[in-house]
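Novice: Structure in structure tokens, see below.
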Amino acid sequence: MHHKGTALLTTKRLILRKFKIEDAENMYRNWASDPEVTRYLTWPAHSSIEVTKMILNEWITQDHDQQYMWAIALKDNDEVIGNISVVKIEEDIACVHIGYCLSRKWWHQGVTTEAFTAVIQFLFEEVQVNRIEAHHDVLNPNSGKVMAKCGLQYEGTLRQTGINQMGLADMAVYALLAQDYQKAA
């Protein structure tokens with residue numbers, strides 16, 4: 001893999017960029033404080049904007065070429081409405097695991113699919129990964145719909161392999177290989 005870190009990516013409606021500390025208010029208000037958004041995530045809803053600022057500060061100060069942490073911002077006003085990131089890298093098999101979350105206000109409008117599609121293109125074409133993988137709690141099928149729309153294939157369900165705000169979770173596994181991405185391109 002040829003690591004490049006969080007590169008600036010643009011789509012029709014979105015700018016995917018590094019986080020700034022000034023994003024704390026939007027992050028807190030739009031998704032980080034919403035227990036409905038964090039229900040199937042590994043971290044709880046933020047109890048205060050100070051928690052959001054602390055997390056953002058960690059992300060910003062730990063930035064390096066193997067960190068891929070995008071703020072999903074609206075192109076027309078730069079409002080941050082979610083994030084998408086590489087949550088795990090398996091260097092030996094050139095595999096990355098993707099995680100994402102989005103403000104409830106923007107659910108079911110194709111925003112996550114649009115962002116994930118741009119990230120997939122960047123990771124295959126620029127970073128040269130071999131496999132992009134994502135998991136979702138089976139109780140959150142809409143996340144799997146995003147994965148499928150982005151070309152990832154369902155590979156199976158691992159029982160009680162994850163934990164989130166709901167407790168132990170059965171996780172559906174989706175993946176896309178570089179060879180399949182190239183065939184579809």
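Novice: Between residue 36 and residue 183, what is the FRET efficiency for a Förster distance of 35 Å, r being their Cβ-Cβ separation, to the nearest 0.05? Mind showing how you got there, number by number?
Specialist: On the way: r = 38 Å, r/R0 = 1.08.
Using R0 = 35 Å, I get an efficiency of 0.40.
Novice: Give me the one-decimal nm value for the distance between modelled label points at residue 92 and residue 48, 7 Å along each residue's Cα-to-Cβ direction.
Specialist: Label at residue 92, label at residue 48, 4.4 nm between them.
Novice: Leaving out ligands and nucleic acids, note down the accessible area per residue over region 6-130 with a 1.4 angstrom probe, in whole Å². Mind dumping the intermediate values first?
Specialist: On the way: 6150 Å² over 125 residues.
Per-residue value: 49 Å².
Novice: Moving on to the next point. Rank 72, 52, 42 by how far each Cα sits towards the positive end of the charge dipole of region 39-80 (+1 on Lys, Arg Cβ; -1 on Asp, Glu Cβ) and give me just the farthest.
Specialist: Farthest towards the positive end: 42.
Novice: Another question about this same structure. Would you work out the charge dipole size for the chain about its Cα centre, treating the Cβ of every Lys and Arg as +1 and the Cβ of every Asp and Glu as -1, and quote it to the nearest 20 debye?
Specialist: Working: 18 positive and 23 negative charges, 99 e Å.
For this selection, approximately 480 debye.
Novice: Quick one: check the C-alpha center-to-center distance for region 1-77 versus region 106-168, whole angstrom.
Specialist: 17
Novice: From the square roots a ≥ b ≥ c of the eigenvalues of the alpha-carbon gyration tensor of region 111-168, which class results: rounded (a/c under 1.5), prolate (a/b over b/c), or oblate? Before the final figure, lay out the partial values.
Specialist: On the way: a/c = 2.28, a/b = 1.79, b/c = 1.27.
Prolate is the answer for region 111-168, as a/c is 1.5 or above and a/b outweighs b/c.
Novice: State in Å² the accessible area per residue of region 138-180; use a 1.4 Å probe, count heavy atoms of protein chains only, and round to the nearest integer. Before the final figure, lay out each step's value.
Specialist: Details: 2530 Å² over 43 residues.
I get 59 Å² per residue for this part.
Novice: So for the pair residue 62, residue 29, with labels modelled 7 Å out along Cα→Cβ, what separation do we get in nm?
Specialist: If labels sit at residue 62 and residue 29, their model points lie 2.7 nm apart.
Novice: Quantify, in whole percent, the carbon and sulfur part of the accessible surface of region 85-185 (1.4 Å probe; protein heavy atoms only). Kindly include the intermediate steps, with their values, before the conclusion.
Specialist: Numbers: 2630 of 5330 Å².
Of all accessible area on region 85-185, carbon and sulfur atoms account for 49 percent.
Novice: Among rounded, prolate and oblate, which fits region 86-141 when a ≥ b ≥ c are the square roots of the eigenvalues of its C-alpha gyration tensor, a/c under 1.5 means rounded, and a/b larger than b/c means prolate? Please report the intermediate quantities before stating the final value.
Specialist: On the way: a/c = 2.99, a/b = 1.61, b/c = 1.86.
It comes out oblate by the Cα gyration axes.
Novice: Now a separate question. Among 120, 135, 103, whose Cα sits farthest toward the positive end of the charge dipole of region 74-155 (+1 at Cβ of Lys/Arg, -1 at Cβ of Asp/Glu, about the Cα centre)?
Specialist: The Cα lying farthest towards the positive end belongs to 103.
Novice: For region 111-138, list residues with backbone N below 20 Å from a point placed 7 Å from the Cα of residue 2 toward its Cβ?
Specialist: Residues 118-132 qualify, since their backbone N sits under 20 Å from the label point.
Novice: Using a probe of 1.4 angstrom, how much of the accessible area of region 1-72 is carbon and sulfur, in percent?
Specialist: Working: 2010 of 3900 Å².
Carbon with sulfur: 51 percent of the solvent-accessible area.
Novice: Show me the ranking of peptides 50-57, 117-124 by mean Cβ neighbours inside 10 Å, starting with the highest.
Specialist: On the way: 50-57: 16.2, 117-124: 19.9.
The densest-packed peptide leads the list: 117-124, 50-57.
The values are calculated or read from the model by the stated rules, or taken from the named source; none is laboratory data. This structure is a prediction, so every number in the text was calculated from the model and none was measured. Counting neighbours? That spans all protein chains shown, and the Cβs are built from the backbone with ideal geometry, glycine included. Protein only, heavy atoms only, side chains kept; ligands, DNA and RNA dropped before computing areas. Shrake-Rupley method; radii C 1.70, N 1.55, O 1.52, S 1.80 Å.
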